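Inspection log for the structure reproduced underneath, given as structure tokens.
The values are calculated or read from the model by the stated rules, or taken from the named source; none is laboratory data. All values derive from a computational prediction rather than experimental measurement. As a convention, Cβ positions derive from the backbone with ideal geometry for all residues, glycine included, and neighbour counts pool all protein chains shown. Side chains are part of the model used for accessible areas, which takes the heavy atoms of the whole protein and leaves out ligands, DNA and RNA. Shrake-Rupley method; radii C 1.70, N 1.55, O 1.52, S 1.80 Å.
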Amino acid sequence: MRYQRSSILFKEAQKVIAGGVNSPVRAFKSVGGTPIFVEKAKGALLYDKDGNTFLDYISSWGPMILGHAYDPVLKAIKNRAEKGTSFGIPTALETEIASLALEMVGNKDKIRFVNSGTEACMSAIRLARGFTNREKIIKFRGCYHGHSDAFLIQAGSGAVTFGSPSSPGVTKGTAEDTLLADYNNLEEVIKIFDEYPEEIAAVIVEPVAGNMGCITPKNGFLEGLRNICDKFDSLLIFDEVMTGFRLAKGGAQEILGVTADIVTYGKVLGGGLPVGAFAAKNEIMKELAPEGEVYQAGTLSGNPIAMAAGLATIQALDSDQEIYLRLEKKTENLELGFTEVLNKKGLPHQINRIGSMFSLHFTEEPVIDFRTAELGNNKLFKTYFHGMLREGIYLPPSAFESYFLNDALTFSNINKTIEAFRKVISGF
Ligand code: KE4
């Protein structure tokens, strides 16, 4: 595997783009080495600038669930582009994708489209604060809701629940309104509500966490959040930017059977173009401008090309009764194959999987929250990542990310991945 061209391109990028990338995780900081530069992609395959090909297990961090350059999506983009790319004026297309999305998700009356998952989560928090007239929010350590200030908060030194900025530029004032608990730890949440019974606007949670690796909720965790939000008149926000339209048509709400008050979306809903969204019952959404007082806006929100790509994507998901079963089976095969290799090697490991989300952690302890995710052997992960890259398998370049399978991955691709894994692990 040669990476010369990518290395040259990365050096050139670093001269004109901050850090050489437009999103930090792409810089391979967590695994070392230099990022590959992609020339093109089709189906499950990525083609880099050095002529290498890779089976893609990040699917652009979720959006490309149907595979890259999926013909009906390409066709929808081309047809729409010929009519003009952006108007800043309503189009019927926005109503069409809004209607289908709400039908698939169920139990929500209205949606608002934005341009990223960050914008969706940022807007959802503002809407919850406006609706409840309260200021504090609860989030969970290791959950990521995009890069708006309210979410870039880490565990404060000392204080169990008070956050402190996890990035320069985030003010102490902002941090004071974000309280933290451990994922899967309902007791901590109850303690916070007991301390601030009338100040919590919302609890925001990834119903399946995908930013500490993939972590599923313990039995009763989400139900517990639902009950405590009801008890204290706070809103429950599910950040389904990753899980929405990926785990099922109705996302995590459908498969986990818990209904949130506001749900945020992104990734799959845009089919590879910049789309985010948030949805709720009318009682909440009517508080949003221009109907209500909570302001939220965007020049390119509901952009027709992005709407066309998103609509074609969720239409494909809505009409294919088998796709979620296929994705589940392929991901299960991957888990079974990896487990057989790791058990034979006697290597301590945890594999977390739900639907087409998957993560491998080199640790004895079950990975149920950020603390246990941090116990993973990152040195082994780096060797694993680069070994698999050399075998033509593109994995997320961090142990704190989820894999996202796409439907273009065939069962023989999965078998090839398992054989590559066997070869890499044999060298451990
Ligand atoms: P974006 O602003 O990146 O579209 O979405 C933010 C976001 C919100 N909520 C969840 C659960 C998310 O996973 C994300 C973004 N996911 C990361 C992957 N861990 C995107 C990759 C990146 O940052 O480049």
Within the bounds of the range 136-151, is there any residue that is open to solvent by less than 40 Å² (accessible area, probe 1.4 Å), aromatic (Phe, Trp, Tyr) and away from the ligand (no atom under 16 Å from the Cβ)? no
Return yes when ALA41 is surrounded by 15 or more Cβ atoms within 10 Å (Cβ to Cβ) and away from the ligand (no atom under 16 Å from the Cβ) and no when it is not. yes
Among the candidates LEU409, LEU389, which residue alone is out of contact with any helix residue (DSSP H, G or I) (no Cβ under 9 Å at 6 or more places or on another chain) and surrounded by 21 or more Cβ atoms within 10 Å (Cβ to Cβ)? LEU389
Residues of the range 16-35 satisfying the condition of being touching a helix residue (DSSP H, G or I) at 6+ places or on another chain (Cβ under 7 Å), in a loop (DSSP other than H, G, I, E, B) and surrounded by 12 or more Cβ atoms within 10 Å (Cβ to Cβ): VAL21, VAL31, GLY33, THR34, PRO35
Go through the range 322-348 residue by residue and tally those that are within 23 Å of the chain's Cα centre (by Cα) and outside any helix (DSSP H, G or I). 1
Strands (runs of 3 or more DSSP E) lying entirely in the range 215-298 (those with 2 or more residues that are touching a residue at least 40 places away in the same chain (Cβ under 8 Å), within 16 Å of the ligand (Cβ to nearest atom) and farther than 23 Å from GLU198 by Cβ): 262-265, 276-280
Name the single residue that is surrounded by the fewest Cβ atoms within 10 Å (Cβ to Cβ) among those in the range 44-86 being of a type in the set (Ser, Thr, Tyr) and within 16 Å of the ligand (Cβ to nearest atom). SER60
Do we find a residue being among the hydroxyl-bearing types (Ser, Thr, Tyr) and under 19 Å from the mean Cα position of the chain (by Cα) anywhere in the range 24-46? yes
Of the residues in the range 195-213, those that are assigned to a strand (DSSP E or B) and either in contact with a Pro (Cβ under 6 Å, 6 or more places away or on another chain) or within 16 Å of the ligand (Cβ to nearest atom) (or both) come to ALA202, VAL203, ILE204, VAL205, ALA209
Answer yes if at least one residue in the range 207-216 is more than 13 Å from the chain's Cα centre (by Cα), open to solvent by 10 Å² or more (accessible area, probe 1.4 Å) and within 27 Å of ASN352 (Cα to Cα), and no otherwise. yes
